[in-house]
Each structure stands twice: as structure tokens, then as C-alpha cells.
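As C-alpha cells, the structure follows; a few thoughts come after it.
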Amino acid sequence: MTISTDFGTADNLPVDISIPGYRLRRQVGSDAIGLWFDAEQESLGRKVTIKVLKPEYEHHEGARREFLNEMDRLAPLAHPNLLRILDSARGDRLLLVTERIGQRSLQTLLAEGKPLGEEVSFQRAHDVARALDYLYRKGLAHKNVSPRLITLVEDSGSRLVTFRNVITAEELAALKGKLAQDANYVAPEQLVGPHEIGVKTPCYQVGALLFHMLSGQPPFGHGLPKEIAKQHATQEVPSLQKKRPFLARGIYDFVAACTSRDPEQRPALEEIVGGLEKLADGKDPGIRPMGAQRVAAPKPRRRRRRR
């Protein structure tokens, strides 16, 4: 799945598609059954993203049913950190209209391999945690928590891209043992072990994502997805303090608690949301790893006076 949202002209569209009321500009992505386009809603002059069923599937009963199921699942969702549904059509041509996917994703901010800074990191993680908490309260989950599926919109907020990614909690649990999630943020219980995938699984993903933003690198670095996933499945997440030794206000405890290998020892999503708000306010979030001593905040270095 690729996402690109450079709002260009209508030249060289891959298929000949005309949608009344909308002017298609450029294909920006695709998934198994759909094509995504940058478009303009002509009546309002509003930039939007449109997902349409691939032309080869227009008369495929199974694909149409899957597209309709996705429409039904996404239509009731209303949260500031999920891509908003604006319109849909259920006639001969199936389509979903959402607010425009932003020109940048979180992945573009992380591409240079540099830390994003505490304020930005806390805000982005807070947006993601709120969206995931909202989904789980509705018995749903996001299949792939990944920076490339976190779009940055014009109001400076973050949105989780929902196309083909919002599934039921039961469907997520059924994916155990399959690497359907970005390997850099996959929770151990998604791969192996006695623990079941559940409401504490996204807590690990948020913790791993926050680790990446604060350090500039994913917890286990870059490499082949299977090798990275194996490390998540068998090893403790490395110390953030060793990579960024001068962060403070309980950050190290917070990340360590979120990325505990045992889901039962992680804070709940609601607690993570509150903890990130405290961190953004310069306060200790009050969350620490269970059964572990608090990670001491580094003391400021004293400058020696020259004689």
C-alpha cells in the first residue's frame, strides 16, 4: 500500500473514471479491492480523498460485499483522530469520500532518523492513543499501527488512515502468528506466546511508536521485517535512556511500562492518554513498570568554574 498526496492535475489517471460532483486529480494509493484518489468536491471547492472499487471488481459479488461491509463499519465512526467519512455511494459504482489524506505522514517526519522532540512526540502519540482507545470502546481495532498510516492534516492534527484497516477485535485476535502489523511496532502477543491479543495490545504499539519518535529509530532498529518481529517476540525493548539519556519527567518509566512483554503489566489506553497529557504539560505521568524500580531522571550536568 502506497500513499502519496501531491495534489496535481488530472493527467495520466490509471483508469477512466468519472464521478459526478467530483473532479479526480491523481491516484494516491490502493488496497486489495480499491483505488484512492485525490479529488475536489466541485460544489464546495473542497479537497477530499475518494476510494472507489477497482473497475475489474465492479461485478464481483464478493468484492462488492467486502466494500459495502467496510462502508458500514466506517460510516458511524466520528473521532478527530480518525480519517473522517464525508460521503458514500452504493449504486453501480461504490465509493467512499473522506477528508483529504494529508500531504505528509508521520513516516515522512521520521525518515531522516532524527528524534522529533518531546512536544511533537507526545502530541502524535496522544492522537494515536485516543483513536485506538475510541475504536476499542466500540469493539474495533486498527490492524496496522504504522507511521505511514498516520496522516498529518492541515490543522496540524494526526489521523489514522482507516481504509482496509479498521477490523473487529475478534478479527485482530485471529491474526495471531501472522505478521499483518508493521514489524517495528508489533506486540509480542501478536506473534507468539500464551498471552492473547486484546485491549492491551495497542498499548505496546503506542509505546514502540513513542520510542521511535523520541529516539529517531524504532526500538530494534531497521532490518528485515521477520528479523525485527523476532526481536519483538523474544526480547525486551531496549532502554530508551541509553539512546536519549537526558529526557526527564518519567518518560523512561512510561515507555518501559507501555512496552512490557506481559500485556497485563501495561497501562490501559485510557491511562496512556492521560499520561501523555501530563508529559505534554511537563509533569510526571505517574506510570512506571510493574515490579521494577523507577528509572531515575538524569541529573543536570554542573559546569566547572574556570579558575
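The values are calculated or read from the model by the stated rules, or taken from the named source; none is laboratory data. It should be emphasised that the depicted structure is a prediction, and the values quoted were computed from it without experimental measurement. Neighbour counts are summed over all protein chains in view; Cβ atoms, including those assigned to glycine, are modelled from backbone coordinates with ideal geometry. To get the accessible areas, we keep the full protein, side chains included, count just its heavy atoms, and leave off ligands, DNA and RNA. Shrake-Rupley method; radii C 1.70, N 1.55, O 1.52, S 1.80 Å.
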Notebook entry, point to check: Which of (1) open to solvent by 20 Å² or more (accessible area, probe 1.4 Å); (2) in contact (Cβ under 8 Å) with a residue 24 or more places away in the chain; (3) within 17 Å of VAL273 (Cβ to Cβ) is the odd one out, the single condition TYR204 does not satisfy?
Noted result: (1)
Margin query: Yes or no: the stretch 179-188 includes at least one residue that is hydroxyl-bearing (Ser, Thr, Tyr) and within 25 Å of GLY102 (Cβ to Cβ).
Written below: yes
Checklist line | In the stretch 231-243, the residues that are buried (at least 16 other Cβ atoms within 10 Å of the Cβ), within 23 Å of the chain's Cα centre (by Cα) and either charged (D, E, K, R) or assigned to a helix (DSSP H, G or I) (or both) | finding: GLN231, HIS232, ALA233, LEU240
Note to self: Out of everything in the stretch 90-120 that is open to solvent by less than 20 Å² (accessible area, probe 1.4 Å) and either aliphatic (A, V, I, L, M) or out of contact with any strand residue (DSSP E or B) (no Cβ under 9 Å at 6 or more places or on another chain) (or both), what residue ends up being farthest from GLN27 (Cα to Cα)?
What the structure shows: LEU110
Next item on the list: Could you look through the stretch 121-149, keep only residues that are open to solvent by 60 Å² or more (accessible area, probe 1.4 Å) and assigned to a helix (DSSP H, G or I), and pick out the one that is nearest to LYS278 (Cα to Cα)?
Entry: GLN123
Item checked: Qualifying positions in the stretch 3-35 - assigned to a strand (DSSP E or B) and modelled with pLDDT under 90 -> ILE19, ARG25, ARG26, GLN27, VAL28, GLY29, SER30
Note to self: Pairs please, first residue from the stretch 171-197 and more than 26 Å from GLN217 (Cβ to Cβ), second anywhere and small (Gly, Ala, Ser) and buried (at least 21 other Cβ atoms within 10 Å of the Cβ), Cβ atoms under 7 Å, 6+ apart in sequence or on different chains.
What the structure shows: LEU172/ALA141
Item checked: Residue that is farthest from SER239 (Cα to Cα) [pool: residues in the stretch 251-270 that are more than 18 Å from the chain's Cα centre (by Cα) and without any contact (Cβ under 8 Å) to a residue 60 or more places away in the chain] -> GLN265
Notebook entry, point to check: Can you pull out the residues in the stretch 174-216 that are among the hydrophobic types (A, V, I, L, M, F, W, C) and either assigned to a loop (DSSP other than H, G, I, E, B) or over 22 Å from GLU270 (Cβ atoms) (or both)?
Noted result: ALA174, LEU175, LEU179, ALA180, ALA183, VAL186, ALA187, LEU191, VAL192, ILE197, VAL199
Next item on the list: Restrict the check to the stretch 150-162 and report whether at least one residue is at positive phi, among the hydroxyl-bearing types (Ser, Thr, Tyr) and assigned to a loop (DSSP other than H, G, I, E, B).
Entry: yes
Check: Does PHE211 satisfy the condition of being within 28 Å of GLU119 (Cβ to Cβ), of a type in the set (A, V, I, L, M, F, W, C) and without any contact (Cβ under 8 Å) to a residue 40 or more places away in the chain?
Finding: no
Next item on the list: Examine the stretch 192-202 for a residue that is closer than 20 Å to LYS114 by Cα and polar (S, T, N, Q), and state whether such a residue exists.
Entry: no
Next item on the list: Residues being over 23 Å from ILE150 (Cβ atoms), among the aliphatic types (A, V, I, L, M) and exposed (fewer than 14 other Cβ atoms within 10 Å of the Cβ): count how many of those fall in the stretch 27-85.
Entry: 1
Item checked: Only listed residue being farther than 24 Å from LEU214 by Cβ, of a type in the set (D, E, K, R) and part of a loop (DSSP other than H, G, I, E, B), chosen from ASP38, ASP87, ASP92 -> ASP92
Check: Could we say that PRO225 is open to solvent by less than 60 Å² (accessible area, probe 1.4 Å) and within 24 Å of LYS178 (Cα to Cα) here?
Finding: no
Check: What residue, of VAL192, VAL166, VAL206, is among the β-branched types (Val, Ile, Thr) and under 22 Å from MET71 (Cα atoms)?
Finding: VAL166
